[in-house]
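Colleague: Handing you a structure now.
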Amino acid sequence: MAEKKQTVLTILMDLYAQVEESNTKLRYIVLSTFRDVVESRRDVGDIVAQMVNKITSDVPELNSSFYEEIMRISHK
C-alpha cells in the first residue's frame, strides 16, 4: 500500500510541475488530490478516481492516456 501511495504521489508531483501556472483550476485539483492522498485513510485508487472524474468534468482537454496511466497505477 505504501509503495502504491508513493508512486501516485510522485506522479501527482510530476503532473503538477507540468501544468502551466495559468491553469489554476487543474493545479488546484492536482494539489488537492496530493493532500488527500497524504492525509486520508481512504483507498488511493478511490482518491485518484475522484480526481480523474473532477478533471474529466472541469478540464476535458487533457489527454486521455493520462487517465488510463494513473488509473492503472492506482488500482494495482
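Colleague: With a 10 Å Cβ neighbour count serving as the proxy for reagent exposure, in which order, fewest first, do R72, R41, R35, R27 appear? Could you put the intermediate results ahead of the total?
Modeller: On the way: R72 9, R41 4, R35 12, R27 15.
Least to most surrounded, the residues fall as R41, R72, R35, R27.
Colleague: Still on this structure, I have one more. Which FRET efficiency value, to the nearest 0.05, is calculated for T10 and R41 with the Förster distance at 25 angstrom and r the Cβ-Cβ distance?
Modeller: Working: r = 20 Å, r/R0 = 0.80.
That gives a FRET efficiency of 0.80.
Colleague: What does the highest-first list of 45-52, 2-9 look like by mean Cβ count within 10 Å? Could you put the intermediate results ahead of the total?
Modeller: Numbers: 45-52: 18.2, 2-9: 13.9.
Order by mean packing, descending: 45-52, 2-9.
The numbers here are math on the coordinates, done by the rules we state, and not lab data. All figures in this text were calculated on a predicted structure; none of them were measured in a lab. Glycine also receives a Cβ, built like all others from the backbone with ideal geometry; neighbour counts cover every protein chain displayed.
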